[in-house]
1. Only one of these is more than 15 Å from ligand 2 (Cβ to nearest atom), surrounded by fewer than 19 Cβ atoms within 10 Å (Cβ to Cβ) and in a loop (DSSP other than H, G, I, E, B): Met338, Met333. Name it.
2. Could you list, in sequence order, the residues of region 26-60 that are of a type in the set (Gly, Ala, Ser) and either touching a helix residue (DSSP H, G or I) at 6+ places or on another chain (Cβ under 6 Å) or open to solvent by 60 Å² or more (accessible area, probe 1.4 Å) (or both)?
3. Which fully enclosed strands (runs of 3 or more DSSP E) of region 1-113 have 2 or more residues being under 30 Å from Gly310 (Cβ atoms), of a type outside the set (Ser, Thr, Tyr) and in contact with a Cys (Cβ under 8 Å, 6 or more places away or on another chain)?
4. Would you confirm whether or not region 171-180 contains a residue that is at pLDDT 95 or above, surrounded by fewer than 19 Cβ atoms within 10 Å (Cβ to Cβ) and in contact with an Asp or Glu (Cβ under 7 Å, 6 or more places away or on another chain)?
5. Name every residue in region 180-207 that is assigned to a loop (DSSP other than H, G, I, E, B), under 19 Å from Ile88 (Cα atoms) and in contact with a strand residue (DSSP E or B) (Cβ under 6 Å, 6 or more places away or on another chain), in order of residue number.
6. Tell me which residues, restricted to region 118-148, are within 15 Å of ligand 2 (Cβ to nearest atom) and in a helix (DSSP H, G or I).
7. I'd like the residue in region 118-166 that is modelled with pLDDT under 95 and of a type in the set (D, E, K, R) and, out of all such residues, is surrounded by the fewest Cβ atoms within 10 Å (Cβ to Cβ).
8. What are the pairs with Cβ atoms under 7 angstrom where one residue, in region 135-148, is over 12 Å from Val165 (Cα atoms) and the other, located anywhere, is aliphatic (A, V, I, L, M) and assigned to a loop (DSSP other than H, G, I, E, B)? Sequence gap at least six, or different chains.
Amino acid sequence: MVIIMTPDASRENIAEVIKAVESVGLEGKIMEGSQQKIIGVIGDKTKLASVAVDALPGVESSVAISKSYKLASREFHPQSSIIDVDGIKIGGDEPVVMAGPCAVESREQLFEAADIVKSFGAQFLRGGAYKPRTSPYSFQGLEVVGLKYLAEARERTGLKIVTEVTTVEGIAPVAEYADMLQIGARNMQNFGLLKEVGKCKKPILLKRGLAATIDEWLNAAEYIMNEGNPNVVLCERGIRTYETYTRNTLDLSAVAAIKHLSHLPIIVDPSHGTGKWRMVKPMAFAAIAAGADGLMTEVHPNPAKALSDGPQSLTPENFKELMEGVKKLSKFMRDENMIFVG
Ligand code: PEP
Ligand code: MN
């Protein structure tokens, strides 16, 4: 952290700031500019939490230099992490694809979707049993019945199950049936929920909040990791901007940013990211080209009949084309050594 003094700060003001910094076991170094003096603080800045340096006389402002998250940062953990979800490795050589309907609607619908995504090579079946819908009158999900169908679909296909948990009370049932717990965009800063999933043993898929910065997103991951769960995978799913043509603006630059800032794997969801099925395939290819470790896409046996997110859901045929392209593209990137890390 650096503390910037006002141009008219006195020697006494500076001495008082240094004293405050030293009182918590840190070192303060004075740097003289032509107009102003600044004080560089050396040591763990969290120790300064008890000192309101900005309130001391002669202080203009203070600026944090190091990041507020640690466990999630690449500085702390230079090696890229590979998250193993019951044998499926996320962050390894092969992109991992999580696909399925937005919501579990019935046993038949889910089984049909599971068979489709399995046959074209996905590793995970997705499907919401608890749906955080914008309107309270929209379909809210089948809840525990939906979780049971998901577990049955795993038995049937061998696919791993990822599904959203929306409440602290929901963690135990979701963890009982699913292989990976999803924290949705709307809950990315639900700190109570993040702490509780941090205590659970299952890997977590942490979606980026609708209006979250990359820093806030990595701090959300830190909440989970700080409770003892290191198995976090990030998912970019688009953010709110002034653009209304697409449902969200898919921020693919976040993939490169996360690879630099963090060791955690990152996947991309072009379905929620665009809201339009026509855009899912090109954005999926772009995500893989940008270095994403995988994809999450919505696939429905009959998107026109979907109870939620039909307009962004792929038909079986479209999903097949997406998977064929992803396989070719990721092989090309591996063969050409186009792997972007750090
Ligand atoms: C979902 O993946 O089912 C979902 C609701 O997505 P998001 O939280 O990204 O809106
Ligand atoms: Mn959806």
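The values are calculated or read from the model by the stated rules, or taken from the named source; none is laboratory data. This one's a predicted model, so the numbers in the text were calculated from it and none came from an experiment. Backbone-built Cβ (ideal geometry, glycine too); neighbour counts: all protein chains shown. Keep in mind that these areas ignore ligands, DNA and RNA; they rest on the heavy atoms of the full protein, side chains included. Shrake-Rupley method; radii C 1.70, N 1.55, O 1.52, S 1.80 Å.
1. Working: Met333 fails: in a loop (DSSP other than H, G, I, E, B).
The match here is Met338.
2. Restricting attention to region 26-60, the residues satisfying the condition of being of a type in the set (Gly, Ala, Ser) are 28, 33-34, 40, 43, 49-50, 52, 55, 58.
Of everything in region 26-60, those that are of a type in the set (Gly, Ala, Ser) and either touching a helix residue (DSSP H, G or I) at 6+ places or on another chain (Cβ under 6 Å) or open to solvent by 60 Å² or more (accessible area, probe 1.4 Å) (or both) turn out to be Gly28, Ser34, Ala49, Ser50, Ala52, Ala55, Gly58.
3. Numbers: elements: 2-5, 27-32, 37-42, 59-63, 83-85, 88-90, 96-100.
Fully inside region 1-113 and qualifying: nothing.
4. Restricting attention to region 171-180, the residues satisfying the condition of being at pLDDT 95 or above are 171-180.
Remaining after also requiring surrounded by fewer than 19 Cβ atoms within 10 Å (Cβ to Cβ): 171-173, 175-177.
Still in the running and in contact with an Asp or Glu (Cβ under 7 Å, 6 or more places away or on another chain): 171.
Checking region 171-180: at least one residue is at pLDDT 95 or above, surrounded by fewer than 19 Cβ atoms within 10 Å (Cβ to Cβ) and in contact with an Asp or Glu (Cβ under 7 Å, 6 or more places away or on another chain).
5. Lys202, Pro203
6. Gly146
7. So the residue we want is Arg133.
8. Within 7 Å, the pairs are Phe139/Leu307; Leu142/Val104; Leu142/Ala129; Gly146/Val104; Gly146/Ala129.
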